[in-house]
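Asks: Can you keep this structure in mind? I'll have questions shortly.
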Amino acid sequence: MSEATKLYMEEAKRASYGHKLRQMQELALRDPENFWSDIARNLYWFKTWERVLEWNPPFARWFAGGLINASFNCLDVHVKTGNRNKVAIFWEGEPGDRRVLTYLDLWREVCKFSNVLKDLGVKKGDRVAIYMPMVPELPVAMLACARIGAIHSVVFSGFSSEALAVRIRDSGAKILITADGAYRRGRIVQLKKTADEALAKIPSIQNVVVLRRTGSDVEMKEGRDFWWDDLMRENSLNSQAVPLESEHPLYILYTSGTTGRPKGVVHDTGGYLVWLYVTMKWVFDIKPEDIYWCTADIGWVTGHSYVVYGPLLHGATSVMYEGAPDYPAPDRWWEIIERYSVSIFYTTPTAIRMHMRFGEDWARRHDLSSLRLLGTVGEPINPEAWRWYQKVIGGGRCPIVDTWWQTETGGIMISPAPGIELVPLKPGSATLPLPGVHAEVVDESGKPAKPYEKGYLVILGPWPGMLTTLWGDPESYKSIYWSKFGQNNLNFYFDPPAVYYTGDYAMKDDDGYIWLLGRADEVLKVAGHRIGTTEVESALVMHEAVAEAAVTGKPDPVRGETIVAFVTLKPGFNPSDSLRTELIRWVGKTVGPIASPSELYFVSKLPKTRSGKIMRRLLRAVVSNMPLGDMTTLEDETSIKEAMEAVDLLRKAMGMGELESQL
Ligand code: ATP
Ligand code: MG
């Protein structure tokens with residue numbers, strides 16, 4: 001037994017809860033073959049696997065020798081049973097239009113669209129780029145690709161033509177599926193026009209399929225572009241799902257680009273589906289009668305895993321909403337929860353903080369009593385937002401599952417698991433790793449850190465659901481994820497063992513709970529102390545005046561680094577020198593004097609990725625006068641301009657020298 005396993009077992013003996021969870025963890029450690037096989041048998045395999053894992057570090061073939069199809073498991077298995085008339089998707093458009101799709105409806109659309117793809121010459125292994133709004137045809141397109149073994153590459157519809165072009169070029173897609181337009185905050189976004197600009201730079205795309213959504217006037221290039229409905233009209237329902245090797249790539253998806261250039265993460269079919277199947281059960285405790293709503297855009301991994309594949313594998317009923325959370329009013333989400341009696345709700349800390357800023361009256365107008373489970377993902381959730389979410393949205397009665405995972409991990413890895421056993425929750429901690437996930441916090445040398453010692457979060461790999469490579473770049477796959485801690489620091493049951501580097505900074509408490517403290521490359525190093533960005537930010541957000549906060553470091557000849565904070569204020573509070581001083585002192589009091597920001601700026605918005613994550617690397621560049629680097633994933637350029645102006649103004653006033661213009 002490895003050192004890590006021993007520690008884990010000792011912890012398990014001490015704790016008065018989590019016995020079932022730890023028992024399963026133990027089983028996964030002792031007998032992974034049977035553990036994973038038992039789970040995988042819940043899916044339909046055209047041919048059973050020969051080996052659960054073929055491991056050639058860091059390359060894994062999960063369920064090697066097995067044949068499976070994602071579209072078949074998400075649709076055909078339900079259509080062949082009593083579930084064919086069950087609602088798969090309650091869809092609501094931003095303007096208020098609604099559609100209800102049963103499993104049979106969805107299956108019919110997918111079968112037909114898979115024939116459309118075949119007619120356009122799409123074959124197994126070909127890449128299909130998808131650039132669509134949140135309409136049912138987006139999952140239809142994905143499942144149609146999966147049905148015939150084409151690899152989809154979905155690009156978030158909020159991306160610019162340049163960001164789209166980069167992703168299409170990298171994946172080498174030959175077909176693009178898009179729409180004439182999309183609704184966003186009451187306006188029409190000209191998707192086809194943006195796609196055309198991107199295509200001007202990429203000759204590899206042979207055909208474009210265009211869905212009519214907004215009725216916008218668009219240019220259709222003769223011979224290249226076709227309307228979705230024209231192609232569908234001519235096609236039949238006759239489409240058999242193709243049995244695919246378990247390791248066949250299901251999709252390519254680019255990471256958010258929070259810390260650098262987006263990476264083309266590849267997921268397989270068998271391992272990925274097994275992981276989604278079981279995490280839906282463990283974390284969301286999904287039941288046939290649930291109405292489940294994950295607010296993520298399908299353009300991100302959360303949407304792939306927990307809007308499309310996860311719920312459909314279970315034959316669940318989901319809500320899907322097209323537009324902005326605050327359109328036409330800040331209670332749009334709460335209205336939807338009430339209308340459909342949503343029981344499980346999964347969203348991001350950023351969204352929760354936005355709703356906190358709007359105030360709780362918006363939620364109070366609606367009956368949210370159908371909710372039984374709440375979830376968050378994407379960023380650390382500060383305890384303040386956690387409590388608000390639990391009280392105002394969950395009515396004090398719903399557990400919150402704070403789910404830690406990444407595009408690369410495919411599905412949830414560290415989270416409470418009410419589907420197994422609900423352990424006591426601690427606001428701000430993602431709690432314990434799920435069974436089969438061997439997460440450790442390690443120090444610089446790769447040795448497990450002691451309780452409360454901060455370090456790097458690693459996963460002792462492999463696990464089903466993991467990325468299998470980076471598209472066209474296996475060398476980067478090895479060096480980014482599997483090289484930092486080599487193979488020999490932590491013993492593990494997989495032979496040979498390997499250590500997956502998450503890039504996140506974390507800490508375990510003495511119950512073994514994991515606390516995510518921010519990105520490892522954003523850690524602040526002040527006078528020999530290492531401070532996670534999350535620690536300082538959550539302290540700031542605990543202050544009654546602060547809505548959101550982002551902190552970064554500025555090189556300092558004496559202290560190594562000094563902390564610089566950017567904050568947005570809640571309505572009713574105004575920037576002032578006294579508030580600035582108060583906030584700086586507040587951090588000193590809450591986290592410790594070492595963490596007091598040396599500079600603090602008030603801004604109206606923080607720079608975020610289009611998935612809503614704070615881009616601290618840009619703020620770091622601003623405060624230390626460095627080039628900004630890749631900005632294609634930045635949501636709003638004015639946020640960074642504003643940060644620059646704020647820094648400029650204050651530093652001038654304090655005689656600290658001027659920032660060069662960088663934009
Ligand atoms: P890039 O890798 O390109 O910088 P990204 O890391 O933002 O982009 P994602 O894969 O979408 O892309 O995000 C995963 C990251 O989000 C995690 O590594 C972690 O930093 C953060 N994260 C996700 N869920 C949580 C959570 N529950 N608590 C804390 N952090 C989380
Ligand atoms: Mg990442």
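Asks: Considering only residues that are open to solvent by less than 100 Å² (accessible area, probe 1.4 Å), touching a strand residue (DSSP E or B) at 6+ places or on another chain (Cβ under 7 Å) and more than 24 Å from Glu247 (Cα to Cα), look in the range 1-44 and name the one that is modelled with the highest pLDDT.
Replies: Result: Leu21.
Asks: Every residue in the range 329-353 that is surrounded by fewer than 17 Cβ atoms within 10 Å (Cβ to Cβ) and of a type in the set (A, V, I, L, M, F, W, C), please.
Replies: Answer for the range 329-353, where residues must be surrounded by fewer than 17 Cβ atoms within 10 Å (Cβ to Cβ) and of a type in the set (A, V, I, L, M, F, W, C): just Ala329.
Asks: Among (1) over 28 Å from Phe159 (Cα atoms); (2) out of contact with any His (no Cβ under 8 Å at 6 or more places or on another chain); (3) β-branched (Val, Ile, Thr), which single condition is Ile594 missing?
Replies: Every listed condition holds for Ile594 apart from (2).
Asks: Out of the range 75-110, which residues are open to solvent by less than 30 Å² (accessible area, probe 1.4 Å), outside any loop (DSSP other than H, G, I, E, B) and not β-branched (Val, Ile, Thr)?
Replies: Listed by number, the residues that qualify are Leu75, Asp76, His78, Ala88, Trp91, Glu92, Leu101, Tyr103, Leu106.
Asks: Taking the options Glu379, Glu360, Glu384, name whichever one is open to solvent by 20 Å² or more (accessible area, probe 1.4 Å), of a type outside the set (Gly, Ala, Ser) and within 16 Å of ligand 2 (Cβ to nearest atom).
Replies: Matching residue, one of Glu379, Glu360, Glu384: Glu379.
Asks: On to the next question. Does the range 447-459 contain at least one residue that is within 11 Å of ligand 1 (Cβ to nearest atom) and crowded, with 24+ Cβ neighbours inside 10 Å?
Replies: yes
Asks: Which condition number in (1) within 16 Å of ligand 1 (Cβ to nearest atom); (2) assigned to a loop (DSSP other than H, G, I, E, B); (3) over 28 Å from Leu634 (Cα atoms) is the one that Asp297 fails?
Replies: The one condition Asp297 does not meet is (3).
Asks: Further question: So which residues in the range 415-431 are within 13 Å of ligand 1 (Cβ to nearest atom), closer than 12 Å to Leu21 by Cβ and touching a Phe, Trp or Tyr at 6+ places or on another chain (Cβ under 8 Å)?
Replies: The answer is Ser415, Thr431.
Asks: A further question on this structure: Open to solvent by 20 Å² or more (accessible area, probe 1.4 Å) and in a loop (DSSP other than H, G, I, E, B): does that describe Lys281?
Replies: Spelling it out, it is not the case that Lys281 is open to solvent by 20 Å² or more (accessible area, probe 1.4 Å) and in a loop (DSSP other than H, G, I, E, B).
Asks: Do we find a residue being modelled with pLDDT of 95 or more, farther than 19 Å from Leu313 by Cβ and not hydroxyl-bearing (Ser, Thr, Tyr) anywhere in the range 62-75?
Replies: Looking through the range 62-75, at least one residue is modelled with pLDDT of 95 or more, farther than 19 Å from Leu313 by Cβ and not hydroxyl-bearing (Ser, Thr, Tyr).
Asks: Since Ala547 meets every condition but one in (1) under 24 Å from Ala621 (Cα atoms); (2) touching a Phe, Trp or Tyr at 6+ places or on another chain (Cβ under 7 Å), which condition does it not meet?
Replies: (2)
Residue by residue, here is whether (1) within 22 Å of Phe159 (Cβ to Cβ); (2) hydrophobic (A, V, I, L, M, F, W, C); (3) in contact with a Pro (Cβ under 7 Å, 6 or more places away or on another chain); (4) not assigned by TED's automatic domain parsing to the domain that holds Val564 holds:
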| site | (1), (2), (3), (4) |
| --- | --- |
| Pro607 | yes, no, no, no |
| Arg610 | yes, no, no, no |
| Ala621 | yes, yes, yes, no |
| Ser624 | no, no, yes, no |
| Leu628 | yes, yes, no, no |
| Thr633 | yes, no, yes, no |
| Asp636 | yes, no, no, no |
| Ile640 | yes, yes, yes, no |
| Ala646 | no, yes, no, no |
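Asks: Does Leu373 qualify as being more than 19 Å from Glu535 (Cα to Cα), within 14 Å of ligand 1 (Cβ to nearest atom) and crowded, with 20+ Cβ neighbours inside 10 Å?
Replies: Against the criterion (more than 19 Å from Glu535 (Cα to Cα), within 14 Å of ligand 1 (Cβ to nearest atom) and crowded, with 20+ Cβ neighbours inside 10 Å), Leu373 does not qualify.
Asks: Right, something else. Could we say that Arg372 is basic (Lys, Arg), in contact with a Ser or Thr (Cβ under 6 Å, 6 or more places away or on another chain), over 23 Å from Ala549 (Cβ atoms) and not assigned by TED's automatic domain parsing to the domain that holds Pro416 here?
Replies: Judged against the criteria, Arg372 is a match.
Asks: Tally up the residues in the range 393-443 that are open to solvent by less than 10 Å² (accessible area, probe 1.4 Å), more than 16 Å from ligand 2 (Cβ to nearest atom) and among the aliphatic types (A, V, I, L, M), please.
Replies: 10
Asks: Next question, about the same structure. Among the residues that make up the range 250-257, is at least one of them open to solvent by 20 Å² or more (accessible area, probe 1.4 Å), among the hydrophobic types (A, V, I, L, M, F, W, C) and in contact with a Gly (Cβ under 8 Å, 6 or more places away or on another chain)?
Replies: No, the range 250-257 has no match at all.
The values are calculated or read from the model by the stated rules, or taken from the named source; none is laboratory data. Just so it is clear, the structure is predicted and the values come from calculations on it, not from any experiment. Positions of Cβ are backbone-derived with ideal geometry, glycine not excepted, and every protein chain shown enters the neighbour counts. Surface accessibility is based on the protein's heavy atoms, side chains included, excluding ligands, DNA and RNA. Shrake-Rupley method; radii C 1.70, N 1.55, O 1.52, S 1.80 Å.
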